[in-house]
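The values are calculated or read from the model by the stated rules, or taken from the named source; none is laboratory data. Treat the numbers as computed from the prediction; the structure is a model and nothing was measured. Cβ placement follows ideal geometry from the backbone for every residue including glycine, while neighbour counts extend to all protein chains displayed. Remember, those area values only see protein heavy atoms, side chains included, never the ligands or the DNA or RNA. Shrake-Rupley method; radii C 1.70, N 1.55, O 1.52, S 1.80 Å.
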Amino acid sequence: MSLRDIQDEILRLKKENDICILAHSYQAHEILEVADFVGDSYALSVKARGVENNTLLMCGVRFMAETCKILSPEKRVILSHPDAGCAMADMMDRELIEQLKPKYKDYTIVAYVNTTAALKTICDVCVTSSSAVKIVNNIENKNILFIPDCNLGAYVAAKCPDKNIKLLSGGCPIHAAVNERDVDIARRKHPGAKVLVHPECTPEVVEKADFTGSTSEIIDYARRSSDSEFIIGTELSIAEHLKYEFPDKKFYPLSVGLVCKNMKLTTLMDVYDCVRGVGGEEIILDEKTITDAKRCIDEMIRLNHD
Ligand code: 13P
Ligand code: SF4
């Protein structure tokens, strides 16, 4: 079967089996082409609430599929590849934060959405990279314990100077590995190109960038900008998608090391297997986990306003 044949079969089977395909923008182009909805983690979370199909297929990583299940517990939710975890989410568990809670009694615990469902059950509010600043500003409490990403946390702290934000040491090993030298080298190679980075990058990299935003915000910036060259400081797939979408503009990766192996695990064949009912992993969460974790995701949506 050619790639086009597989895609056609996926489109036919998802309709026949009442499946909605949600895909994170880090997925491969051929997967985005068969998805019903593509977006960043915030947009995917909101979308997961309103879908009418019986089954949601999340092409992304585990915490994204768990978020779908928490928001749509009555639906079957399938993660596109059983091994697609997130290195950052796996870094901090519920037990650790439970132990720290007494020390942070007067703090609101803000959890990046890149956390396990179990950890979300004991946090107060969730945030995503595109919503974190707004949400933290809208929290009444001045004291915030921000977990697990200390880079996103530092970015939020700089934008919310009235808040007392405590950080723990966690983060995305892929984004955190990019350094200031990478920015200098890329700028020397492509003078005049705008540097667009994800807030999971270190504060030093963010400081040197022209724009910092979520995956969707980076795409939107490049779409709207009258500039024609961009250095992209997030997973390599974004530069690839941008090249495809805007052939008249030029996109360069900030570092060739920006590869999320977990996001790359899902192939078009995995999607095909999922829609014909033989692949992926169904997300099963107990009722209490769903109820408790839902509180902080609902808070995220409630507090994401101007
Ligand atoms: P977005 O919220 O920008 O989609 O980021 C998710 C993520 O895991 C980035 O590494
Ligand atoms: Fe997780 Fe980093 Fe991959 Fe994003 S890029 S899914 S934070 S490991």
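Things to note:
- Of the solvent-accessible surface of the chain, computed with a 1.4 Å probe over protein heavy atoms with every protein chain present, carbon and sulfur atoms account for 49 percent.
- Neighbour net charge for SER80 - beta-carbon separation under 12 angstrom, K R +1, D E -1: -3
- Under 18 Å from LYS249, Cα to Cα: aspartates and glutamates that are on another chain or at least 8 residues apart: ASP210, GLU217, ASP220, ASP227, GLU229, GLU240
- Taking a straight Cα-Cα cut-off under 17 Å and skipping sequence neighbours fewer than 8 places away in the same chain, the lysines within cross-link reach of LYS166 are LYS101, LYS103, LYS105, LYS142.
- What the phi angles of segment 256-264 give under the Karplus curve with 6.51, -1.76 and 1.60, with θ = phi - 60°, is a coupling list of 6, x, 7, 10, 8, 4, 5, 5, 7 Hz, glycine and proline written as x.
- Förster radius 45 Å - calculated FRET efficiency between ASP5 and LEU100, Cβ distance, rounded to 0.05: 0.30
- Long-range Cα-Cα pairs in the chain (distance over 37 Å), rounded percent: 14
- Within a straight-line Cα-Cα reach of under 18 Å, LYS14 can be paired with the following aspartates and glutamates, leaving aside sequence neighbours fewer than 8 residues apart in one chain: ASP5, GLU30, GLU33, ASP36, GLU52, ASP270, ASP273, GLU281, GLU282.
- Using just its DSSP H runs of length 4 or more, each adding -39500 (n - 2.57), the chain gives a mean residue ellipticity at 222 nm of -12000 deg cm²/dmol after division by all residues.
- Solvent-accessible surface of segment 120-182, averaged per residue with a 1.4 angstrom probe and all protein chains in place: 38 square angstrom.
- Net +/- balance of residues flanking SER226 in space, Cβ distance below 13 Å, scoring K and R +1, D and E -1: +1
- DSSP-defined beta bridges in segment 107-190 - what % are antiparallel, rounded to 5: 0
- Pairs of Cα atoms farther than 22 Å apart, segment 208-306, %: 56
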